[in-house]
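Written below as C-alpha cells is the structure these notes are about.
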Amino acid sequence: RSSAPSLLDPTGPTVSQQRPLRSVGLGILESFSSFSGPVASVATVPLSGAQMQPPHGINVNPEIPKGPKVRHSGQRQVKDNFVNRVVEKCGPAVVRIQTEQKVEVPAFTNADIFSFFFGIRPDRSSPERKIKGQGSGFCVDASNGVILTNAHVVQGADRITAHFAGKHASLECELLETDEVIDLAALKVKEKTKLPLPAMPLGYSEVVKTGDWTIVLGNPLGLQNTCTLGIVSSLDRSTGETGFDWMRHPLIQTDAAVNQGNSGGPMLNEVGEVIGMISMRALFGEGIGFAIPADSIRSALPSLISRKKVPRPYIGLKMKSSLESFGQGAFVEMVLEGSPAEEAKLQENDQIVEVNGQKLCHFDQVQMAVRSTKVGGQLKLKIKRGKETVSTTVTTADIRKLREAKGQESPKRARVVIIP
C-alpha cells in the first residue's frame, strides 16, 4: 500500500535541525527527534521572566517511564488457528502448473520490398516460438499421482510440468483428459519413482452454505504457496448467463483474493477438504472469485481418469428472456446449425413455454432440464410461434458432436500471436 503524501512543507527545517522539545505536553515528541523528515514551523512568542516560572509542584521535564522488558523465548506466542492447520496439512499437495506450447509466428519482414527492388523473394517460413503459461493445481491421488487443474490452463499445451512446494525439480505430467464444459482437466505424473505424492481429500459441496469459511491456495502471479482467506459469498451462481442450453453448471462465489495464476487451485473448508476449484474471477471487480463445486468435479473424475470425455447433453439453442414479457418462458435467440434443435424444426424467435409439461418462467429452466437429461434422452417442448402453438420433441446429443462440427469447418486461419 502506498503511504499517504506528506502535508508538511518540504522546504521547512528537519527535526534533526530543531532543538529538542521539553515543554509540558510535548515531551512525547522527543522520541521522534532522530527522524529527518520535514516538520511544520512553529511561531514563538517571547515571555517575561514571571511568565516563564512554572506553577508550584509541576515538573516541566518529566521523566518518560520505561516499559517492561519483553524477553523473547523464540517460541510462538499465539495458538495455531484453523487456517494454519489447513495450510500445514494441504499446502504440500498444491502444485504450480507450467506449460509450453509451440506456435508458428508469422514472419513480419520486408520481403515484399526486397522482392520489388531485387526481384528475389527470400524465404518467408514462419519461425516457431514457445509460449509459456502457468496456473495452479492439486494432487488428489497420492499413489497414482493424479493432479487436477483447469482445462484452460493446459489447453493446447505440448509440455506440462508440475512443481510441488519443497521439491527442487518439476515433474513431467501427461494429460489424461479434459472437460471443457466445466473447465476441468486431469493430469498424471509420468515418473513413478516419485510416487507417492502429497495429496488432499475431495470434500462435498452440497453441504456448503453461504457464509462458510473458504481457504484458497495457489500460485497467483507466480507467487508459489500463497494462501488467502474468505467466505462463501453466494451459491446461486452458474455459467448459464450466456443463454446456451448446455452451459447451466453451478459455481461457488467467494470473496477470498483470487488473481491470475490461481486458476486450478483448491478452495478448502476449515477442516482441509476441497469444496471447489478456482476457475475464474470478475474482470472489473475485487473480492469476486468463482470455483467449480467439488460435487461437479467428483462426477466427472471417473471419466477423466479413464481417458474418456465426460458425456454432456445439448440441444443447440441460445436463449434469452424478454423484459417485456418476463416470466412467460424462454425466447430462442439462435439455433445452431446441425444441432438437435434444428432437426426438431425450432426457429429463431420461438417462445418456449413448457418443457416436459412444466411451465417456464426463465430460460434457465430449459438449461436445467437439458443438464438433467442423459445423452440420447428426449425433451418435450411446447412452443409459441406467432399466433400458433406447436409441440415438438428434441433428442439430446453429446456436446462432442458440436466440437467435431466446428473442427470440420473451413480450413483454419493462421493465428497471429503478439509476443512482447
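Does residue 206 satisfy the condition of being without any contact (Cβ under 8 Å) to a residue 12 or more places away in the chain and not aliphatic (A, V, I, L, M)? Judged against the criteria, residue 206 is not a match.
Taking the criterion of being farther than 19 Å from residue 181 by Cβ and small (Gly, Ala, Ser), the residues of the range 338-374 that qualify are 344, 357. Residue under question is residue 286, and the condition is that it be assigned to a loop (DSSP other than H, G, I, E, B) and in contact with a strand residue (DSSP E or B) (Cβ under 8 Å, 6 or more places away or on another chain); does it hold? The answer is no for residue 286.
Taking the conditions exactly as written (farther than 20 Å from residue 308 by Cβ, open to solvent by 10 Å² or more (accessible area, probe 1.4 Å) and either at pLDDT below 95 or under 20 Å from the mean Cα position of the chain (by Cα) (or both)), does residue 135 satisfy them or not? In short, no. Tally the residues that are farther than 20 Å from residue 401 by Cβ, modelled with pLDDT under 95 and out of contact with any strand residue (DSSP E or B) (no Cβ under 6 Å at 6 or more places or on another chain), restricting the search to the range 297-331. Count: 8. Considering (1) in contact with a Ser or Thr (Cβ under 6 Å, 6 or more places away or on another chain); (2) closer than 24 Å to residue 186 by Cβ, the lone condition that residue 253 does not fulfil carries the number (2). Of the residues making up the range 251-261, those that are in a loop (DSSP other than H, G, I, E, B) and either at pLDDT below 95 or open to solvent by 10 Å² or more (accessible area, probe 1.4 Å) (or both) are 255, 257, 258, 259, 260, 261. Of all the listed residues (237, 248), the sole one being buried (at least 20 other Cβ atoms within 10 Å of the Cβ) and of a type in the set (Lys, Arg) is 248. Residues in the range 279-297 that are more than 30 Å from residue 379 (Cβ to Cβ) and open to solvent by less than 70 Å² (accessible area, probe 1.4 Å): 282, 285, 287, 288, 289.
If I filter the range 302-311 for residues that are hydroxyl-bearing (Ser, Thr, Tyr) and under 18 Å from residue 246 (Cα atoms), do I get at least one hit? No: zero hits.
Restricting attention to the range 172-201, the residues being touching an Asp or Glu at 6+ places or on another chain (Cβ under 7 Å) and open to solvent by 10 Å² or more (accessible area, probe 1.4 Å) number 6. Residue 300 meets each of the listed conditions (1) exposed (fewer than 12 other Cβ atoms within 10 Å of the Cβ); (2) small (Gly, Ala, Ser); (3) closer than 29 Å to residue 150 by Cα apart from (1).
Among the residues of the range 262-278, none is identified as surrounded by fewer than 23 Cβ atoms within 10 Å (Cβ to Cβ) and within 9 Å of the chain's Cα centre (by Cα).
Residues that are closer than 30 Å to residue 403 by Cβ number at least 3 in the following strands (runs of 3 or more DSSP E) confined to the range 130-242: 146-149, 159-164, 171-179, 184-189, 226-238.
The values are calculated or read from the model by the stated rules, or taken from the named source; none is laboratory data. This one's a predicted model, so the numbers in the text were calculated from it and none came from an experiment. Cβ: placed from backbone, ideal geometry, glycine included. Neighbour counts: every protein chain shown. Accessible surface areas use protein heavy atoms only, side chains included; no ligands, DNA or RNA. Shrake-Rupley method; radii C 1.70, N 1.55, O 1.52, S 1.80 Å.
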